[in-house]
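Visitor: Okay, here's the structure, questions in a sec.
The values are calculated or read from the model by the stated rules, or taken from the named source; none is laboratory data. What you are looking at is a predicted structure, and each value in this text was computed from that prediction instead of being measured. Positions of Cβ are generated from backbone atoms using ideal geometry, with glycine treated the same way; all protein chains shown enter the neighbour counts. Heavy atoms of the whole protein, side chains included, go into the accessibility calculation; ligands, DNA and RNA do not. Shrake-Rupley method; radii C 1.70, N 1.55, O 1.52, S 1.80 Å.
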Amino acid sequence: MNLAIIGCGGIGRMHAEMAARCGLKIVACADKDPDAAKALARRYNALATTDADGAIRRPDVDIVLVTTPTPRHAGVVIDAAKAGKHIFCEKPFASTVQQGRTAIAAVKKARVKLFVGHVVRYFHEFETLRAQIQAGKIGEPGYVKMYRGGIYPGGPSSWFRDYAQSGGVTFDCMIHDLDWLRYMFGEPDRIFCQALRRSEPEKLDYSQVTLKMRNGMLALVIGTWAHPAGFQVKVEVCGSAGMLQFDSNISSLSAMKREVKGAGPTMIVPSSAEDVSPYELEWRDFIGWIEGKHEPRVTPEDALRAVEIALAALKSADTGRPVEL
Amino acid sequence: MPKIGIMSFAHMHAYSYGACLNALPEAEFVAVWDDKPRRGRAAARQFGATFVSKLEKFLDLDLDGVIICSENVKHREMTTLAAQAGKWVLCEKPLATNVADAHAMIKACEKAKVGLGTAFPCRFAAPLRVARDRIVSGEFGAVYAAACTNNGSNPGGWFAEDMLSGGGATMDHTVHVVDVLRWITGKEFRKVYCEAGNVLHRDTLETDDVGLLQLEMEGGAQVSHVASWSRPKSFPTWGDVTIEFICEKGVLNVDAFNQRVDVYSDAAMKAEWVSWGGNPDLGLVRDFVRAIMEKRPPCATGLDGLRATEVTVAAYESLKSGNVVKIRA
Ligand SMILES: NC(=O)c1ccc[n+]([C@@H]2O[C@H](COP(=O)([O-])OP(=O)(O)OC[C@H]3O[C@@H](n4cnc5c(N)ncnc54)[C@H](O)[C@@H]3O)[C@@H](O)[C@H]2O)c1
């Protein structure tokens, strides 16, 4: 099957490699920045273009990868659905619930498959946590704390630095944890959030989200784009008969490079030494679904719900009140 | 040399304070009173003090100060009686389970012209002292946010009985961190939102075992706090006090009791964290004794205890109403 990539930035490049490893052929790389398109296209002998719609509509394209900035996701998904292509879209699925609903309607109408990259469901450490919980190792879970983040992503002019586009750490980053909580423990009933979202003297975001789950469980999710460096993920699950803890800083491989001064990282994804990348596992799941082998771990409705929950958190932060879901 | 007595060993911290009193050359641990005579007699024997079973007799003793370690709801009565008898008081935290009690205790001690201290030993934990020094110095600029935890194990006993404890993990494990943040930032708490759960120890506790607090301080700093009895029996230590400070010029993390050596002993058959850090209780008790000698207020006063109690009480109000609650209008 052939792939067109729309958005050739940090995560677009990473997905290109994962898709290629799964046997997909990258035929077109589209980006509004011609240099970004060219750089990626060269690596895979693909067409470089600034015309996203043209790339989507090429007859030899089976799958469209949507790795543009978030506000553009739903639009590209709709275009790809209309062109009859299957779609792999990065999270957050859409910037608003309405956008997400419209995109799902377009996908349903076109009878194409849409997969949204809630990759945390595929992380080995999270899968291990899940297995331990399901094996009853800690009894009944009653309280979960999740922590994710590090330095503020993107260069000075990046869309990440515009809260209106990225939604800050709450929407862009913590949506991973909000999705995983729902995946594991069901629907949240009520959500409360404080989010820093500072721009002066510099961009700093720090978000604290409390969730009361329908089953009586509590969760605290903390996201940081306020650290001077680094990236860390921590999870703690407390149960009636034990506790699980994971900390990405306790790692079997660590390395530190002296970076050139004055430049922030362009893309932040957690990485460990592992046999198969969770990003590749996403692609295997998606491709298997297209081939009719199984149902995917993430449904479009899951992705929409994650958007809804993350937006409810931001609404709580804006109003200073809890939001009922 | 100040003569000190301990009133009630209901709270296990009394045993640590007793050992501290005996370790301090400037104090004399004279007497114990307890409404459970067996417990009091055994404790008195352990520390070489005299057990006095009648409260009036105990209060008639020539004591300069008392440390009160009763069940939370009894703090008010004992503090009032001790103050009326002219004793300085160091009261275990939480100072009180409601605001009226805390006010009454402060008033009673003022009237009797005795000092009232709240047992906030975190102020004497070196990692928190250093964090305070560095933040107060301005090195990190303004504090924008803090994420805190005070996790512990299930204490059981009267802690889990609302009528004696006044509440569960939220009552037990909110005040330390509230006091530390007030002490470090010099600011008061303005608002609180609270969710609490009781899944972890539902079978044995009637109270909450986890409280998740979201707070706002004067000046707008956003704070989250976990007050829990969530550490399982297999956990290598009792729990923690941690704070992540998000500041204008950087991030500062304190894990106050994580100065440790990891011990793996086949005799225990579980990992153990053995502390190499200082003993904050010793600093607390020494400060109380010196406050008596120097006739000055203890490091953390009754007012500090009241302020922390106000936050806890507002948290429980929020839990009931489901809304954000203003702390002290
Ligand atoms: N799952 C993960 O771990 C993960 C990690 C990082 C990013 N993401 C998500 O992936 C998406 C992209 O993030 P990124 O880090 O790659 O950002 P990025 O800024 O590095 O890349 C975005 C690219 O899209 C291009 N672009 C912008 N508007 C476009 C348009 N209208 N049409 C075509 N191209 C356009 C930009 O020129 C840029 O090259 C975001 O939604 C982000 O939230 C997910």
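Visitor: The range B:230-288 to the range A:269-325: how many Å between their Cα centroids?
Guide: 36 Å
Visitor: What's the longest piece of chain B with no exposed chymotrypsin sites (Phe, Trp or Tyr not before Pro), counting a site as exposed if DSSP puts it in a loop and it has at most 15 other beta carbons within 10 Å?
Guide: For chymotrypsin sites (Phe, Trp or Tyr not before Pro) (loop position, at most 15 other Cβ atoms within 10 Å), the longest site-free span of chain B is B:1-237.
Visitor: Could I ask something else about it? Between 0 and 90 degrees, rounded to the nearest ten: what's the tilt of helix B:13-23 against the longest Cα principal axis of chain B?
Guide: Helix B:13-23 sits roughly 60 degrees off the main axis of chain B.
Visitor: Using a Cα-Cα cut-off of under 12 Å, which aspartates and glutamates could be cross-linked to A:K203, ignoring same-chain neighbours fewer than 8 residues away?
Guide: Result set, ordered by chain and number: A:D162, B:E248.
Visitor: For the range B:189-216 and the range B:82-160, compute the distance between their C-alpha centroids and round to whole Å.
Guide: Taking the Cα centre of the range B:82-160 as reference, the centre of the range B:189-216 is 20 Å away.
Visitor: Please list, in chain and number order, the residues 5+ apart from A:G230 or on another chain whose amide H is under 5 Å from its amide H, with Hs placed from the backbone.
Guide: For A:G230, whose amide H was placed from the backbone, the distant partners under 5 Å are A:I151.
Visitor: Looking at the range B:24-95, which trypsin sites (Lys or Arg not before Pro) are in a loop (DSSP not H, G, I, E or B) and have at most 10 other Cβ atoms within 10 Å?
Guide: Within the range B:24-95, the qualifying trypsin sites (Lys or Arg not before Pro) (loop, at most 10 other Cβ atoms within 10 Å) are B:K54.
Visitor: Sort the range B:1-84 into rounded, prolate or oblate with this rule: let a ≥ b ≥ c be the square roots of the eigenvalues of the Cα gyration tensor; rounded if a/c is under 1.5, and if a/c is not under 1.5, prolate when a/b is larger than b/c, oblate otherwise.
Guide: rounded
Visitor: Sorted by mean Cβ packing within 10 Å, highest first, what order do the peptides B:302-309, A:250-257 take?
Guide: Going from most to least packed, we get B:302-309, A:250-257.
Visitor: If you fit an axis through the alpha-carbon atoms of helix B:37-47 and take the longest principal axis of the Cα set of chain B, what angle between them do you get, 0 to 90°, nearest 10?
Guide: Its long axis makes an angle of about 90 degrees.
Visitor: Let me ask another. From the phi of every residue in the range A:216-232, what ³J(HN,Hα) in whole Hz does the Karplus formula 6.51 cos²θ - 1.76 cosθ + 1.60 yield, where θ is phi - 60° and glycine or proline is x?
Guide: Whole-Hz 3J(HN,Hα) from phi for the range A:216-232: x, 6, 10, 9, 10, 10, 10, x, 10, 10, 10, 7, x, 6, x, 8, 9.
Visitor: May I ask for the Kirkwood hydrodynamic radius of chain B, worked out over all distinct Cα pairs and given in angstroms to one decimal?
Guide: Taking every pair of different Cα atoms in chain B, averaging 1/r and inverting gives 20.3 Å.
Visitor: Would you calculate the convex hull of the Cα atoms in chain A and tell me its volume per residue in Å³?
Guide: 137 Å³
Visitor: Output the residues of the range A:186-214 meeting this criterion: accessible area (heavy atoms, 1.4 Å probe) in the chain alone minus accessible area with all protein chains in place is 10 Å² or greater.
Guide: So the qualifying set is A:R190, A:F192, A:Q194, A:L196, A:R198, A:P201, A:E202, A:L204, A:Y206, A:Q208, A:T210, A:K212.
Visitor: How many square angstrom of accessible surface are buried between B and A, both sides summed, with a 1.4 Å probe and rounding to 100?
Guide: When B and A are taken together, about 3000 Å² of accessible area is lost.
Visitor: Could you sort the peptides A:30-41, A:142-153 by per-residue average Cβ neighbour count (10 Å cutoff), highest mean leading?
Guide: A:142-153, A:30-41
Visitor: Further question on the same structure: How are the Cα pair distances of the range A:2-117 distributed, in percent, across 5 Å bins from 0?
Guide: 2, 14, 26, 27, 19, 9, 3, 0
Visitor: Could I ask something else about it? Determine the relative contact order of chain A: mean sequence separation of Cα pairs under 8 Å and six or more apart, normalised by residue count, in whole percent.
Guide: This gives 19 percent for chain A.
Visitor: Hey, another quick one. Tell me, what ³J(HN,Hα) does each residue in the range A:133-146 have, in order and in whole Hz, if you take phi through Karplus 6.51 cos²θ - 1.76 cosθ + 1.60 with θ = phi - 60° and put x for Gly and Pro?
Guide: Working through the residues one at a time gives 5, 5, 7, x, 4, 10, x, 8, x, x, 7, 10, 10, 10 Hz.
Visitor: Still on this model: What longest range of chain B stays clear of loop-exposed GluC sites (Glu not before Pro) (DSSP non-H/G/I/E/B, at most 16 other C-beta within 10 angstrom)?
Guide: B:27-138
Visitor: Let me ask something else. Once the Cα atoms of helix B:280-294 and of chain B are each reduced to a long axis, what angle between those two axes, in degrees from 0 to 90 to the nearest 10, is obtained?
Guide: Relative to chain B, helix B:280-294 is tipped by roughly 60 degrees.
Visitor: Considering amide H positions built from the backbone, and no H for Pro or chain starts, which residues 5 or more places from A:A48, or on another chain, come under 5 Å of its amide H?
Guide: It is A:C29, by chain and number.
Visitor: Considering only the range A:2-117, what is the antiparallel percent among its DSSP beta bridges, to the nearest 5?
Guide: Antiparallel bridges: around 0 percent, rounded to the nearest 5.
Visitor: May I ask which of B:K74/B:K326; B:K107/B:K187; A:K91/A:K113 have a Cα-Cα span longer than 21 Å here?
Guide: Beyond 21 Å between Cα atoms: B:K74/B:K326; B:K107/B:K187.
Visitor: Apply the a/c threshold of 1.5 to the C-alpha gyration tensor of the protein assembly as shown and tell me whether it is rounded, prolate or oblate.
Guide: Prolate is the answer for the protein assembly as shown, as a/c is 1.5 or above and a/b outweighs b/c.
Visitor: Next question, about the same structure. Step through the residues of the range A:45-60 one at a time and calculate ³J(HN,Hα) from phi using the Karplus curve (6.51 cos²θ - 1.76 cosθ + 1.60, θ = phi - 60°), rounding each to whole Hz and writing x for Gly and Pro.
Guide: Each residue of the range A:45-60 in turn: 6, 10, 7, 9, 8, 9, 9, 4, 5, x, 5, 4, 7, 4, x, 7 Hz.
Visitor: Helix-derived [θ] at 222 nm for the protein assembly as shown: sum -39500 (n - 2.57) over DSSP H runs of at least 4, divide by residue count, nearest 500?
Guide: Roughly -10500 deg cm²/dmol at 222 nm, from the helical runs in the protein assembly as shown.
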